[in-house]
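Trainee: Have a look at the structure that comes next, please.
The values are calculated or read from the model by the stated rules, or taken from the named source; none is laboratory data. Small disclaimer: the values here were computed from a predicted structure and weren't measured. For neighbour counting, all protein chains shown are included, and Cβ atoms are generated from backbone atoms with ideal geometry for every residue, glycine included.
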Amino acid sequence: MFLDHNTTGDGTLAALQLLAIMIKKNKPLSELATIMSTFPQVLQNVRMASRIAPEHIPGFPEALEKAEGKLGSRGRILVRPSGTEPVIRVMTEGEDEQEIATIADELCAVIRRADRG
């Protein structure tokens, strides 16, 4: 997002900004992209009986804090409710695909237990 130009995400604006950087640096995108490392990513969706914010799910904030502590600076976790359906999306990203899959599974299990409960 480029808040000095627009208040929402805009793919065309992002593309133009990227082209401007390529011109300014006089380098192709393939060369500029070498500064970025990519990591495996896991995305799981948990369908809920009704909409609820993740922070209001009993035990979830503590589980999230524990998971973030386990992952440390080797990845990231993003949890958010869907804007269009009663679903909570859990995305984990990190160096070790098995570790992030396990973390995503654990967080989703907490959400599912609360939804049954």
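Table: residues versus (1) within 30 Å of LEU19 (Cα to Cα); (2) of a type in the set (A, V, I, L, M); (3) under 13 Å from the mean Cα position of the chain (by Cα).
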site	(1), (2), (3)
SER50	no, no, no
ILE57	no, yes, no
PRO81	no, no, yes
GLU85	no, no, no
ALA109	no, yes, no
ARG113	no, no, no
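Trainee: Still on this model: Please report, ordered by residue number, the helices (runs of 4 or more DSSP H) entirely within the chain with at least 2 residues that are touching a Gly at 6+ places or on another chain (Cβ under 6 Å). First the steps, then the outcome.
Mentor: On the way: elements: 11-25, 29-32, 60-71, 97-116.
Here the list reads 97-116.
One line per residue, one yes/no per condition, for (1) modelled with pLDDT under 90; (2) of a type in the set (Gly, Ala, Ser); (3) surrounded by 10 or more Cβ atoms within 10 Å (Cβ to Cβ):
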site	(1), (2), (3)
THR7	yes, no, no
GLY11	yes, yes, no
ILE21	no, no, yes
ARG74	no, no, yes
GLU93	no, no, yes
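Trainee: I'm checking my understanding of the structure. Among residues of the stretch 29-46 that are of a type outside the set (A, V, I, L, M) and at pLDDT 95 or above, which one is surrounded by the fewest Cβ atoms within 10 Å (Cβ to Cβ)? Spell out the reasoning first.
Mentor: If we filter the stretch 29-46 for residues that are of a type outside the set (A, V, I, L, M), which is where we start, we get 30-31, 34, 37-41, 44-45.
Subsequent filtering for residues that are at pLDDT 95 or above retains 40-41, 44-45.
Working: PRO40: 15, GLN41: 15, GLN44: 15, ASN45: 13.
Result: ASN45.
Trainee: Cβ-Cβ below 6 Å, separation at least six or inter-chain, first residue in the stretch 85-100 and more than 18 Å from GLY69 (Cβ to Cβ), second part of a strand (DSSP E or B): which pairs?
Mentor: Close Cβ pairs (under 6 Å, with a partner that is part of a strand (DSSP E or B)) amount to VAL87/ASN45; VAL87/ARG47; ILE88/VAL46; ILE88/PRO81; ARG89/ASN45; ARG89/ARG80.
Trainee: On to the next question. May I ask you to list the residues in the stretch 55-72 that are more than 14 Å from THR92 (Cβ to Cβ) and of a type outside the set (A, V, I, L, M)? Spell out the reasoning first.
Mentor: Here is the first cut: in the stretch 55-72, the ones more than 14 Å from THR92 (Cβ to Cβ) are 55-62, 65.
Correct list: GLU55, HIS56, PRO58, GLY59, PHE60, PRO61, GLU62, GLU65.
Trainee: Working carefully through the options GLU97, GLU85, find the one that is surrounded by 13 or more Cβ atoms within 10 Å (Cβ to Cβ), acidic (Asp, Glu) and on the phi < 0 side of the Ramachandran plot. Walk me through how you get there before you give the answer.
Mentor: Values: GLU85 fails: surrounded by 13 or more Cβ atoms within 10 Å (Cβ to Cβ).
So the residue among GLU97, GLU85 that is surrounded by 13 or more Cβ atoms within 10 Å (Cβ to Cβ), acidic (Asp, Glu) and on the phi < 0 side of the Ramachandran plot is GLU97.
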